[in-house]
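Contents: one structure, followed by commentary.
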Amino acid sequence: MSDSTVIYRQMETPDFPVVFDLLTIIFQDMELPLLKRLSLADIKRITCQAMADPTYRYSKNRCIVAVIDNQIVGVCASYDGAEEPIVDKPFTQALCDLGFDKSLKLFVDRETRPGEYYLDSIVVSSTARGHGVAEGLINATIERVKKEHGHRLDLNVDLQNPHAKAVYTSLGFKDNGHCVISGHQYDHMTRLF
């Protein structure tokens, strides 16, 4: 793998199922309550339909993928924190369209703060970890934020994931408080640029 070139690009429609499969790693780590209410196959159908809406938290314009040898090996999703109230409306619409209870939520807790550009999710496949893919995804996201939105990127990192926190710290993120998401304790981190 060390000889393979990593390409960072915007997510495309055919990528939706693979990106969902990667995001499932995060959903399971977070122990999201919806995972106990619906099958993973149903959540995938709902999420992939919602991904087609540009306002969704995991839409094409919010996700950057890492590709090695024509295989997606990582994804980073981010959005302007001011948009948090609307980023899950497409998920609710997909629930309705597919005949599910519209009161179901994938995420129930607020994650962002005013004035932030928020790195919602980042995940790299187990086969590509340790090769700088996460760093490349974060750097690609920072470049996008600089061009479009400003001077900072914020994220939350689970206290049970010290390796991820070390990566974020090495990339210039600093502690900026704490929060609870889906019953887990998180450090809130900020990188100014």
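Largest accessible area first, the residues L32, L38 order themselves as L38, L32 under a 1.4 Å probe with ligands, DNA and RNA left out.
Carbon-plus-sulfur accessible fraction, the stretch 46-189 (probe radius 1.4 Å, protein heavy atoms only): 50%. Residues E111, E135 ordered from highest to lowest accessible area at a 1.4 Å probe: E135, E111. Residues R113, R144, ordered by accessible area of protein heavy atoms at a 1.4 angstrom probe radius and largest first, appear as R113, R144. Taking a span of 20 Å or more along the helix axis (Cα atoms) and a mean Kyte-Doolittle hydropathy of at least 0.5 as the rule, the DSSP H helices of the chain that qualify are 16-30. Taking a Cβ cut-off of under 11 Å around V167, the surrounding Lys, Arg, Asp and Glu residues balance to a net charge of +1, with basic ones at +1 and acidic ones at -1. Only Lys, Arg, Asp and Glu carry charge here, each on its Cβ (+1 for the first two, -1 for the last two); on that basis the chain has a dipole of about 160 debye about its Cα centre. Surface analysis of the chain yields an accessible area of 49 Å² per residue, using protein heavy atoms and a 1.4 Å probe.
Counting heavy atoms of the protein chains alone, R9 has an accessible area of about 60 Å² for a 1.4 Å probe.
The values are calculated or read from the model by the stated rules, or taken from the named source; none is laboratory data. Note that the structure is a prediction, hence the values are computed from the model and not measured. Virtual Cβ from ideal backbone geometry, glycine too; neighbours counted across all protein chains shown. Only protein heavy atoms, including side chains, enter the accessible area calculation; ligands, DNA and RNA are left aside. Shrake-Rupley method; radii C 1.70, N 1.55, O 1.52, S 1.80 Å.
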